[in-house]
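What follows is a single structure, written as structure tokens, with notes after it.
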Amino acid sequence: MTAESQQTSGPLTTARTSLARQITALLGFLVLSYTVSLLGSMAILGNASGWYATANKAPWTPPAWVFGSAWTVLYTAMAVASWLVWRQHSAKTRAAMTAYGIQMLLNLAWAPTFFGMYPTWGDAALWLALVLIAALALAVTATLIRFGPINATAGVLMLPYLSWIVFSASLNLYAAAHN
């Protein structure tokens with residue numbers, strides 16, 4: 001075997017391939033997360049200056065700019081957490097990633113329900129959104145419980161998301177009860 005052929009195969013090449021795969025996977029999880037964010041924000045942007053601008057909001061509702069900033073951080077943390085779990089290839093990874101997928105679908109469904117359906121469904125849309133966000137909180141809890149034993153950092157990264165979902169549920173409940 002020549003020195004040149006040794007340089008193109010072996011542990012270094014495997015490490016580079018592995019690193020490239022890890023980076024590609026992380027980017028994939030970030031793209032998925034930001035795509036869910038983008039799709040949800042379409043319903044929000046389409047209605048934030050409409051019915052929601054004049055809606056009765058909870059006194060503890062933060063300014064609008066806080067939501068975009070918070071969600072950017074949360075979607076990034078969720079993507080990194082899922083990537084950390086995906087990397088482990090443990091027997092528990094599949095169940096953890098399934099829980100993650102379910103919570104992402106519920107996350108995706110909430111904004112179009114709360115913001116997008118209100119103009120046609122009225123307060124029924126807000127109550128349905130409350131059911132969705134309660135299911136989302138349970139799904140995020142299940143995800144966190146599954147992520148933690150696989151990768152402690154991933155579990156910790158999901159905690160702010162769960163906290164924000166519970167906070168958002170309180171805003172949803174107030175809106176449903178007062179609009």
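I'd like to know if the stretch 106-120 contains one or more residues that are loosely packed, with under 14 Cβ neighbours inside 10 Å and hydrophobic (A, V, I, L, M, F, W, C).
no
If a residue must be in a helix (DSSP H, G or I), polar (S, T, N, Q) and in contact (Cβ under 8 Å) with a residue 24 or more places away in the chain, how many such residues does the stretch 42-73 contain?
Total meeting the criteria: 2.
Looking at (1) without any contact (Cβ under 8 Å) to a residue 24 or more places away in the chain; (2) under 22 Å from residue 153 (Cα atoms); (3) not aliphatic (A, V, I, L, M), find the lone condition where residue 35 falls short.
In the conditions (1) without any contact (Cβ under 8 Å) to a residue 24 or more places away in the chain; (2) under 22 Å from residue 153 (Cα atoms); (3) not aliphatic (A, V, I, L, M), residue 35 misses (2) alone.
Within the stretch 1-41, count every residue that is at pLDDT below 55 and either assigned to a helix (DSSP H, G or I) or in contact with a helix residue (DSSP H, G or I) (Cβ under 7 Å, 6 or more places away or on another chain) (or both).
Total meeting the criteria: 5.
Could you grab me the full set of residues in the stretch 93-123 that are polar (S, T, N, Q) and touching a helix residue (DSSP H, G or I) at 6+ places or on another chain (Cβ under 7 Å)?
Once the filter is applied, which keeps residues that are polar (S, T, N, Q) and touching a helix residue (DSSP H, G or I) at 6+ places or on another chain (Cβ under 7 Å), the stretch 93-123 yields 93, 103, 107, 113.
Within the group 98, 113, 141, 153, which residue is part of a helix (DSSP H, G or I) and over 24 Å from residue 30 (Cβ atoms)?
113 is the lone residue from the list that is part of a helix (DSSP H, G or I) and over 24 Å from residue 30 (Cβ atoms).
Can you name the residue in the stretch 38-92 that is β-branched (Val, Ile, Thr) and closer than 23 Å to residue 155 by Cβ and is also farthest from the chain's Cα centre (by Cα) among such residues?
So the residue we want is 85.
Kindly provide the set of residues from the stretch 43-60 that are in contact with a helix residue (DSSP H, G or I) (Cβ under 6 Å, 6 or more places away or on another chain) and under 25 Å from residue 160 (Cα atoms), ordered by number.
43, 44, 58, listed by residue number.
The values are calculated or read from the model by the stated rules, or taken from the named source; none is laboratory data. Owing to the predicted nature of the structure, the values given are computational and were not obtained by experimental measurement. Using ideal geometry, Cβ is built from the backbone for each residue, glycine included, and neighbour counts are taken over all protein chains shown.
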